[in-house]
Amino acid sequence: MEAVGYDETTSHLEVIFNTGKTYRYFEVPKTVCLELMESDSKESYMLSEVIDCFPYEQVKKRRR
C-alpha cells in the first residue's frame, strides 16, 4: 500500500494500493483503521479485515 487515509466524521477509509488504484471503504470503525496502521502486514490485514468486509467503491483518478 502506498497510502491510507481515514475520515472519522464519515467513517470512510481510503487506500491507495501499489498499483495506483484507490478504493474508499464505507462504515469502517476507527478501531479497524488503527489496527491496520499498527499491523506488521498491512496487506494481510486488508485481506482479512477490510476487503470484502465493508462496502466500497473504486475512486476515479483525479486529473492534474
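A few notes on this one:
- Remark: segment 4-64 carries 75 Å² of accessible area per residue (probe radius 1.4 Å; ligands, DNA and RNA excluded).
- Restricting the chain to GluC sites (Glu not before Pro) in coil, as DSSP defines it, with at most 11 other Cβ within 10 Å: 2, 8
- Exposure here means at most 13 other Cβ atoms within 10 Å; with chymotrypsin sites (Phe, Trp or Tyr not before Pro) in a DSSP loop as sites, the longest stretch of the chain lacking them is 27-64.
- Each stretch of four or more DSSP H residues adds -39500 (n - 2.57); spread over every residue of the chain, this sum gives -5000 deg cm²/dmol at 222 nm.
- Entry for Cα Rg over 2.2 N^0.38 Å (calculated from the structure that is shown) out of (i) 1.05; (ii) 0.97; (iii) 1.54: (i)
- Rounded to the nearest 20, the Cβ-based charge dipole of the chain about its Cα centre (Lys and Arg +1, Asp and Glu -1) stands at 640 debye.
- Carbon plus sulfur fraction of accessible area for the chain, probe 1.4 Å, in percent: 48
The values are calculated or read from the model by the stated rules, or taken from the named source; none is laboratory data. Note that the structure is predicted; figures quoted are calculated from it, not measured. Reconstructed Cβ throughout: ideal geometry from the backbone, glycine too, with neighbour counts over all protein chains shown. Areas reflect the complete protein model, heavy atoms only, side chains present, ligands, DNA and RNA absent. Shrake-Rupley method; radii C 1.70, N 1.55, O 1.52, S 1.80 Å.
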